[in-house]
Amino acid sequence: MSASLVGSEMCIRDRCFITTAVCQELGKPDDCEELTAFRAFRDGYLRSQPDGEALIREYYNIAPGIVTCINTCSDRHASYARIREEYLAPCYQDLLAGRNESCKARYVRMVRDLEREYLS
C-alpha cells in the first residue's frame, strides 16, 4: 500500500463502498445526508488536493475487498457499528464543522486500519 491512501468517500459509479455499506446496514437511503456530504467532500475538497486523485484511485483498489471481507464475517453487524462509531460519525462531524483536513486524515486512517484488519 502506498503512503497516500484515500480520503473521504471515493466511489465507483458513485457507490461509496465503506460508508455506503455502513449506511445500508443502518437502513439509510443512498441519498442520505451522510453519503451526500461524503460525496461532496470527495468531489470538491479531496479532488482539489495534490494527493487527492491518488488517494481516490487507491481507495478504489482497497475498499471493495474490505467490504467483501466484512460482509462474509459472522460479526458483520458489529463491525459496521464499530466503523460508524469509531471513524465515520466523527468524520461526518468534521465535515459539518468544515474541518476537511481532519476528515481526510481520519478517513485515511480508517481505510488503513481496516485494510490491516481485513486484508492482511
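The values are calculated or read from the model by the stated rules, or taken from the named source; none is laboratory data. Owing to the predicted nature of the structure, the values given are computational and were not obtained by experimental measurement. Here the Cβ is made from the backbone with ideal geometry for all residues, glycine too, and neighbour counts use every protein chain on show. Calculation scope for accessible area: heavy atoms of the full protein, side chains included, ligands and nucleic acids excluded. Shrake-Rupley method; radii C 1.70, N 1.55, O 1.52, S 1.80 Å.
Net charge around Glu101, counting only other residues with Cβ within less than 13 Å of its Cβ (Lys, Arg = +1; Asp, Glu = -1)?
My count for the surroundings of Glu101 gives +2.
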Exercise. In nm, what is the difference between 0.36 nm times the number of residues separating Arg76 and Ala54 and their Cα-Cα distance?
Worked result: 5.0 nm
Exercise. Roughly how many Å² is the accessible area per residue of the chain, as a whole number, for a 1.4 Å probe?
Worked result: 49 Å²
Exercise. Where the only charges are on Cβ atoms (+1 Lys, Arg; -1 Asp, Glu), what is the dipole of the chain about its Cα centre, to the nearest 20 debye?
Worked result: 140 debye
Problem set entry | Proximal charge balance of Arg116 [Cβ under 15 Å; K/R count +1, D/E count -1] | -2
For this session: May I ask you to give the percent of accessible area on the chain that is carbon plus sulfur, with a probe radius of 1.4 Å?
Result: 51 percent
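Please compute the contact order of region 32-120 in relative form: average sequence separation of alpha-carbon pairs under 8 Å and at least six residues apart, divided by the residue count, as a percent.
Relative contact order, region 32-120: 38 percent.
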Exercise. Just one of (i) 91; (ii) 121; (iii) 99 is volume of the Cα convex hull per residue in Å³ calculated from these coordinates, so which is it?
Worked result: (i)
